[in-house]
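**Student:** The structure that follows is given in the form of structure tokens.
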Amino acid sequence: MPVVTMPPFSFVTHRPTGRLGEHVELLWHAQGQIGYSHEHILPTGAAVLVVNLGPPIRTAGARGDVAVQRRGWVCGMQTGAMHNEPLAQTHALGVIFAPHRAHAVLGLPLCELTDRVVALDQIWGRAADDLRERVGVERTAWARLRVAEAWLQARVEAEPAPRALDVALRQLCGIPPRSIRALCREVGVSHKHFIDRCKHFVGLPPQQIIRIQRLGRTLAAIDPQGPVRWAELAVAQGFCDQSHLSREFRRLAGLSPGEYLARRRAVFGPQLRAGQSPAFVPFVDG
């Protein structure tokens, strides 16, 4: 697969501080022309909000609902790859939420967004236009990120996940993962209640959360430039063996680990580093 020459593209990131930093892992601003036709974004265990400042972008969640997004959208927890296709140059600002913390900003049960991509104004109404207008009048990426940070800071009003659930969710995705029933006993809730709370605050049942988080760790650990020792990587990330890793990769990502690596190397080339946008898989038409 030949390497594709990338056109100019600006991608600026910012980690918020204060109260918002507890709920948002990263703010980003992207502007320019991508060097491929579309991309699949693999599930890594985070909900994402995007404010579109440029031409429309065609999206589809893991359940396959295609929509042309003009103003902005929210991606809930995905159990498969979502589709992202800019229809012209990209100009957008995004929010990557911390695991199980999106509820406190979005203010709705995350199970309503699972495997979906929902227009931002369907969630926030006129407030979504206010955010877009405030960000859009700024002239630089840094100014837009600062305005978005302040706007979102004021938005953190919803009830966060109960502390006991918060602690249990953090322990759930360790290596190896904690027993779900043992965690339920420790925090003093029934198995059914724990599953219901996970669906409400995260969007998925606990076993699915473990699988998605494990895939996210694995993607971040892959060295895109050097040889990948898949068997060692599988064990280090909590899979039984390499075959287990390959099966899960195909189920959740829709392609093999080798195909994933080849597509990223062909398009992004030698500048790609470990942990750099690991969920993005480029596709070139023709």
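**Student:** Round to a whole angstrom and tell me the spacing of the C-alpha centers of the range 47-112 and the range 127-195.
**Tutor:** Comparing the Cα centres of the range 47-112 and the range 127-195, I get a distance of 15 Å.
**Student:** Just round it to a whole percent: the fraction of Cα-Cα distances in the range 234-286 exceeding 14 Å. Provide the component values of the computation, followed by the final result.
**Tutor:** Numbers: 810 of 1378 pairs.
Counting every Cα pair in the range 234-286, those more than 14 Å apart make up 59 percent.
**Student:** To continue, here is another question. Rounded to a whole number, what % of the accessible area of the chain do carbon and sulfur atoms account for, probe 1.4 Å?
**Tutor:** Accessible surface attributable to carbon and sulfur in the chain totals 51 percent.
**Student:** Kindly rank 182-188, 44-50, 223-229 from highest to lowest mean number of other beta carbons found within 10 Å of each residue.
**Tutor:** In descending order of packing, they fall as 44-50, 182-188, 223-229.
**Student:** List the chymotrypsin sites (Phe, Trp or Tyr not before Pro) in the range 172-244 that DSSP assigns to loop (not H, G, I, E or B) and whose Cβ has at most 15 other Cβ atoms within 10 Å. Which are they?
**Tutor:** For chymotrypsin sites (Phe, Trp or Tyr not before Pro) across the range 172-244 that sit outside H, G, I, E and B with at most 15 neighbouring Cβ atoms in 10 Å, the list is empty.
**Student:** Can you find, among GLY125, VAL68, PRO109, the residue sitting farthest towards the positive end of the charge dipole of the chain, where Lys and Arg contribute +1 and Asp and Glu -1 at Cβ?
**Tutor:** PRO109
**Student:** Under the classification rounded if a/c is under 1.5, otherwise prolate if a/b is larger than b/c and oblate if not, where does the range 1-83 fall, given a ≥ b ≥ c as square roots of the Cα gyration tensor eigenvalues?
**Tutor:** oblate
**Student:** Relative to the Cα centre, what is the charge dipole magnitude of the range 52-139, using +1 at the beta carbon of each Lys and Arg, -1 at the beta carbon of each Asp and Glu, and rounding to the nearest 20 debye? Could the numbers behind the result be given before it?
**Tutor:** Values: 10 positive and 9 negative charges, 20 e Å.
Its charge dipole is roughly 100 debye.
**Student:** Per-residue HN-Hα couplings for the range 199-212, Karplus 6.51 cos²θ - 1.76 cosθ + 1.60 at θ = phi - 60°, whole Hz, x for Gly and Pro?
**Tutor:** Calculated HN-Hα couplings, in order: 5, 5, 8, 10, x, 9, x, x, 5, 6, 4, 4, 5, 5 Hz.
**Student:** Mind sorting out which of [x] -0.54, -0.63, -0.89, -1.09; [y] -0.43, -0.54, -0.93, -1.23; [z] -0.51, -0.60, -0.94, -1.22 is the real log10 I(q)/I(0) by the Debye sum over Cα atoms at q = 0.09, 0.10, 0.13, 0.15 Å⁻¹ computed from the coordinates?
**Tutor:** [y]
**Student:** Rounded to the nearest 20 debye, what is the charge dipole size of the chain about its Cα centre when +1 sits on each Lys and Arg Cβ and -1 on each Asp and Glu Cβ?
**Tutor:** Dipole size: approximately 420 debye.
**Student:** Could you give the length gained on full extension between ASP285 and THR13, defined as 0.36 nm per residue of separation minus the Cα-Cα distance, in nm?
**Tutor:** So the chain would gain 95.1 nm between ASP285 and THR13.
**Student:** Sum -39500 (n - 2.57) across every DSSP H segment of at least 4 residues in the chain, then divide by the residue count to get the 222 nm mean residue ellipticity, nearest 500.
**Tutor:** For the chain, the value works out to -11500 deg cm²/dmol.
**Student:** Which value in Å is the Kirkwood Rh of the range 141-286 over different Cα pairs?
**Tutor:** Final number for the Kirkwood radius of the range 141-286 is 17.9 Å.
**Student:** Okay, moving on. Along each of the three principal axes of the Cα atoms of the range 66-172, give the extent in whole Å, ordering the values from largest to smallest.
**Tutor:** So the three principal-axis extents are 43, 31, 24 Å.
**Student:** Any idea what the dipole of the range 148-286 comes to, in debye rounded to 20, about its Cα centre with Lys/Arg Cβ at +1 and Asp/Glu Cβ at -1?
**Tutor:** The calculated dipole for the range 148-286 is roughly 320 debye.
**Student:** Any chance you could list P(r) for the range 41-98, counting all Cα-Cα pairs in 10 angstrom bins from zero, rounded to whole %?
**Tutor:** With 10 Å bins starting at 0, P(r) equals 25, 57, 19.
**Student:** Once you list every other residue whose beta carbon is under 9 Å from the beta carbon of GLU138, what net charge do they have if Lys and Arg are +1 and Asp and Glu are -1?
**Tutor:** With Lys, Arg at +1 and Asp, Glu at -1, the net is +4.
**Student:** Given a 1.4 angstrom probe, what's the average accessible area per residue across the chain, in square angstrom?
**Tutor:** Computed with neighbouring chains in place, this is 47 Å² per residue.
**Student:** Mind checking which of ALA231, ALA253, ALA220 is farthest towards the positive end of the chain's charge dipole, using Cβ charges of +1 (Lys, Arg) and -1 (Asp, Glu) about the Cα centre?
**Tutor:** ALA231
The values are calculated or read from the model by the stated rules, or taken from the named source; none is laboratory data. Keep in mind that this is a model prediction, so the values were computed, not measured. Here the Cβ is made from the backbone with ideal geometry for all residues, glycine too, and neighbour counts use every protein chain on show. Ligands, DNA and RNA are excluded from the accessible area calculation, which covers all protein heavy atoms including side chains. Shrake-Rupley method; radii C 1.70, N 1.55, O 1.52, S 1.80 Å.
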